[in-house]
Amino acid sequence: MNILGKSIVMSVSVLIGTPAYSGIDIPGGDLSYRLTIVFNNIPCASRLKTAWGFSCLIEGFQHTILFDTGSDGDILLSNMKGLGIDPGAVSAIVLSHIHADHCGGLEKFLQRNHDVTIYLPESFPASFSQAVQECGARIETVGEPAQLFAQVHSTGEMGEWIKEQSLVLEIPKGLVIITGCAHPGIVRIAQKVKGLHKKGIYMVVGGFHLAGTSSEQVREIIRKLKGLGVEKVAPSHCTGGVAIDLFKKSWGKNFVEGGCGAVIPLNY
């Protein structure tokens with residue numbers, strides 16, 4: 001059974017290729033809270049495979065969470081193996097939005113571990129939920145902002161045409177926002193999170209959907225994020241090479257590499 005083939009007529013979208021952006025693993029720190037980028041089109045660890053899409057493993061909370069599943073399940077599972085990650089350790093999956101580069105790897109993952117709860121935006125078609133349940137997984141739908149479990153929240157669905165949820169983690173240093181593609185706008189997401197939780201934003205990680213955006217527009221986005229007090233950034237996936245360079249220059253030592261294989265401790 002092909003989950004996406006059975007249940008989704010995908011929106012027509014143009015995927016703009018992002019130049020390779022090399023990176024290194026983030027060293028040091030207590031790894032009780034950490035992120036591991038297991039799928040990305042931007043490289044970091046050379047031993048792993050890259051492909052268009054995004055997936056991030058989140059550890060140290062009540063559940064081990066897989067945020068998005070990339071576009072290819074074979075690559076996802078291969079990279080997890082290369083990183084020493086057991087798919088069976090995952091108990092929750094959060095899908096940001098319905099595009100195939102974020103949920104295309106789900107079926108192959110469920111063949112390895114279907115004992116998971118999957119948190120879907122409520123706009124996903126019922127046929128998608130049914131196909132997932134036929135694989136043995138559990139479904140929870142998310143519409144409004146919600147606490148999924150201790151220290152882990154969803155922004156709820158945001159956006160007009162493309163509905164998307166982002167994940168919010170509460171750690172001692174503040175809030176960590178994880179985005180799939182940030183289709184609703186990375187500034188809007190950060191503004192909503194800060195308004196909901198009334199805490200400082202420690203880090204924003206993931207795709208910022210800025211490939212092809214002018215340098216002037218990116219600089220304005222940077223200005224607004226800095227105005228919101230965002231301490232660290234780890235942009236990748238659909239952010240675009242030009243934008244990533246501008247973020248790196250603006251955040252300096254507080255820029256975090258977020259390519260495939262990057263391990264990001266959240267209390268360093």
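The values are calculated or read from the model by the stated rules, or taken from the named source; none is laboratory data. These numbers were taken from a predicted model, which means no experiment stands behind them. Glycine gets a Cβ as well: all are built from the backbone with ideal geometry, and neighbour counts include every protein chain shown.
Things worth noting here:
- Taking the numbered list (1) small (G, A, S); (2) in contact with a Phe, Trp or Tyr (Cβ under 9 Å, 6 or more places away or on another chain); (3) surrounded by fewer than 24 Cβ atoms within 10 Å (Cβ to Cβ) in turn, G180 passes all entries but (3).
- Qualifying position, being over 19 Å from R138 (Cα atoms) and in contact with a helix residue (DSSP H, G or I) (Cβ under 6 Å, 6 or more places away or on another chain), among L95, L48, L35: L48
- Residues that are among the hydroxyl-bearing types (S, T, Y) and over 18 Å from N113 (Cβ atoms), drawn from segment 37-76: S46, T50, S71
- Between E170, E144, the distinction of being under 28 Å from P235 (Cβ atoms), of a type in the set (D, E, K, R), out of contact with any Asp or Glu (no Cβ under 7 Å at 6 or more places or on another chain) and buried (at least 16 other Cβ atoms within 10 Å of the Cβ) belongs to E170 only.
- Any hit, segment 180-187, residues being closer than 26 Å to G88 by Cα, in contact (Cβ under 8 Å) with a residue 60 or more places away in the chain and either polar (S, T, N, Q) or out of contact with any strand residue (DSSP E or B) (no Cβ under 7 Å at 6 or more places or on another chain) (or both): no
- The number of residues in segment 211-268 that are within 17 Å of the chain's Cα centre (by Cα) and assigned to a helix (DSSP H, G or I) comes to 4.
- Qualifying residue in segment 182-199 (condition: part of a loop (DSSP other than H, G, I, E, B) and either at pLDDT below 95 or acidic (D, E) (or both)): yes
- Scanning segment 217-253 for residues that are out of contact with any Cys (no Cβ under 9 Å at 6 or more places or on another chain), surrounded by 15 or more Cβ atoms within 10 Å (Cβ to Cβ) and of a type in the set (S, T, N, Q) turns up T239, S250.
- Some residue of segment 109-116 being under 18 Å from the mean Cα position of the chain (by Cα), modelled with pLDDT of 95 or more and not hydrophobic (A, V, I, L, M, F, W, C): no
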